[in-house]
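Down below is the structure, laid out as structure tokens.
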Amino acid sequence: MPKILIVDDEAIVARSMQKTLLRAGYAVETAPGCDQGWQALNDSQDFDLVLLDLNMPGFGGTPAEDAGLDMLERIHETWPDLPVLILSAYDDPTRASEAANRGARGFNVKGREQNVLEQIQSILSGGQ
Amino acid sequence: MTPQNQTELEKAERRARLLEAANLVGRQVTSILDLDELLPKTVDIICDSYGFYYAGVFLVDESGQFAVLRAGRGDPGKAMLAAGHKLEIGSHSMIGWATGQRQARIALDVDADAEHFKNPHLPLTRSEMALPLVVGEKVVGAVTVQSTEERAFSDEDILTLQTMADQLAVAINNAHLLKELQRANADLLRAKTYEALTAATSQAIHWIGNKALPMTTAVERIRADAASGKVDEEDLDLIAESARLIIEVKENLLGPIREPQTRPVMASDLVRAAAFQVGLPEALVTIDVAPGTPHIQADSAQMVRALRNILKNSIEAHAKRIYVHISPAADGRVALSIADDGDGMLAEMKDKVWAAFVSTKEHHTGLGLPAALLVVNQHQGSIALESIPYKGTTVEIWIPAAHAAESPLLTNGPRDILLVDDDDPWAAFALETLAAAGHRVTRATAIQAADLVLLDEAQFHAEMPDIIAQLKAHNLLGKTVILSAAPSVDAVNYFSQNGINHVALKPYTAAELTALA
């Protein structure tokens, strides 16, 4: 069963996405910030995909608008093949481009995230 | 020169100096409405021109009971101001008497005048004059002038100083009136702001309530249905629709809040981009640009957002034609007039359209024009709307023209550039500019080999998936730059998922364009 990590400090968002992904048959863990997310990735080493918020507690715990981009970069450096999707409240093409350049496989805006599951299924089945 | 002539000459010189001083005060009082600036200047002019020991200006306080010192010459003045020196109107003092009786009082020998107030700060005073400041029937204050000599004031001094005091009284009265006007204006502004906020808040509360209710009631029904295992699809649709409207509020109201990143942009191209993003057929919109119209200084993404909202309104009002006229306007601005032949609106709606959550249409947030207003305001522009029922609506926007700065061509050696774009004014600019920079440039919608492909996102005459397929076949995806006046997250995702990671803001100056090459 593919395993997904959701990193988001908004508990209700993390829980809602977790429920959707659990129903779709994935194993799902959640983390409320970069430190905990990084710890989870290092502890288990067997995640197949990461779903990252942007504005959340960064490394060191201080909330930062682009904390998720830092984590994306670190993930991409350490595990270049681990797919990362962004799920952010920002409807911001500049951040979307930045995320694409740092290796994100997609950028989703909260509220318009209806095709996240489809994207995840496509990526984990070997597609785009 | 005889001693008599010498005295006459000195008198004439002094008279000239006094007239000059009176003139100076006259000029100052008409130009300065700030009493904190005017009153100290007046006491300095009096002392410097007449050579008096001391001068001070008192103003009647709001209670009308005291004359309060507001300006005083030198250190004695400073000390008395710091002590809050004031004299009761009608009291036993020169100022008290002059303000009480509205008459000038002169003590040519202060020791012999019963009304003179022995002021410890001014021990050398030997003669004193108190001149009331009177406007009509009202005393607004008084001026005190003091000398170290007995009988220091000539008739001429009294006359010129009283003239000066009369002018000063008018100026003080004007300053008071201005202050009252400003206060009344501020009160009115506060009342209006409060009224507008209350109206907007009540609209928002009403709106949110209406959008929340279908969700809460549908959730209750779904809970009740859960036991039986049946699902009411309509309830799910109601929740989805409410959520969609709430997201629309976030995107329309919060989207434009970021500070505009302005640059010189081609207004007509932004209209084309907005029309493309709204999905209008090219033939429906006619764009007419007056010769010599400069670029506008704007954030292209924000302006496209505003224009999109206006065009959407036209379509929803069943417009068959939209005519856009762009021309230079007064005050260094550019005017964009967007006229449609749609349904128009009633007069009572016209003033309300700028308020959020006001809409005549079903399933609407009423945020399109408020968001456009927000964007235009952020650009130091203006927006206005005229509408006639069953005839159509015209929205006019004025945006500052771009500063006509030098825009140098940047050359990195000649390259073969393929410009994938419709035949429009921007393409003409790009072809000319890139050729001038020494590049070999071709405009086409059919893909061919090139060192660099500049691909306009807004293609009215070609399908993007076809273009991408051709780029892939020619192995050009990595050499392609998507140009967008208003890139969206969805577009970035779409291109990135199709192998094009470079989405750039569409350039409108030679420097921006040639930097891409």
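Values for this structure:
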read-out	value
Flag if residue B:510 is crowded, with 22+ Cβ neighbours inside 10 Å and either touching a Ser or Thr at 6+ places or on another chain (Cβ under 9 Å) or within 14 Å of chain A (Cβ to nearest Cβ) (or both)	no
Filtered residues of region B:483-507 (kept if open to solvent by less than 20 Å² (accessible area, probe 1.4 Å) and more than 19 Å from residue A:109 (Cβ to Cβ))	B:483, B:485, B:500, B:504, B:506, B:507
Odd one out for residue B:170, checked against (1) modelled with pLDDT of 80 or more; (2) within 36 Å of the chain's Cα centre (by Cα); (3) more than 14 Å from chain A (Cβ to nearest Cβ); (4) open to solvent by less than 60 Å² (accessible area, probe 1.4 Å)	(4)
Answer residue from region A:7-36, given it is open to solvent by 70 Å² or more (accessible area, probe 1.4 Å) and assigned to a helix (DSSP H, G or I) and is farthest from residue A:67 (Cα to Cα) among those	A:23
In region A:99-128, the residues that are surrounded by 18 or more Cβ atoms within 10 Å (Cβ to Cβ), part of a helix (DSSP H, G or I) and within 10 Å of another protein chain (Cβ to nearest Cβ)	A:99, A:100, A:119
Verdict on residue A:88 being at negative phi, within 14 Å of chain B (Cβ to nearest Cβ) and at pLDDT below 95	yes
Residue match in region A:51-66 (condition: within 13 Å of another protein chain (Cβ to nearest Cβ) and surrounded by 17 or more Cβ atoms within 10 Å (Cβ to Cβ))	yes
Every pair of residues 6+ apart whose Cβ atoms lie under 6 Å, when the first sits in region B:491-508 and is assigned to a helix (DSSP H, G or I) while the second is surrounded by fewer than 17 Cβ atoms within 10 Å (Cβ to Cβ) and not acidic (Asp, Glu)	B:497/A:128
Residues located in region B:47-90, provided they are of a type in the set (S, T, N, Q) and touching a strand residue (DSSP E or B) at 6+ places or on another chain (Cβ under 9 Å)	B:65
Complete set of residues in region B:449-479 that are free of Cβ contacts under 8 Å to residues at least 60 places away in the same chain, surrounded by 13 or more Cβ atoms within 10 Å (Cβ to Cβ) and part of a loop (DSSP other than H, G, I, E, B)	B:450, B:451, B:462, B:474, B:476
Checklist (1) within 14 Å of another protein chain (Cβ to nearest Cβ); (2) under 43 Å from the mean Cα position of the chain (by Cα) applied to residue B:429, failing item	(1)
Of all residues making up region A:107-128, the number that are in contact with a strand residue (DSSP E or B) (Cβ under 8 Å, 6 or more places away or on another chain) and at positive phi	0
Elements of type strands (runs of 3 or more DSSP E) contained in region B:367-447, each with 2 or more residues being touching a Phe, Trp or Tyr at 6+ places or on another chain (Cβ under 9 Å)	B:382-388
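The values are calculated or read from the model by the stated rules, or taken from the named source; none is laboratory data. Owing to the predicted nature of the structure, the values given are computational and were not obtained by experimental measurement. A quick note on method: Cβ atoms are made from the backbone with ideal geometry, for glycine too, and the neighbour counts reach across all protein chains shown. These area figures cover heavy atoms from the full protein model, side chains too; ligands, DNA and RNA do not enter into them. Shrake-Rupley method; radii C 1.70, N 1.55, O 1.52, S 1.80 Å.
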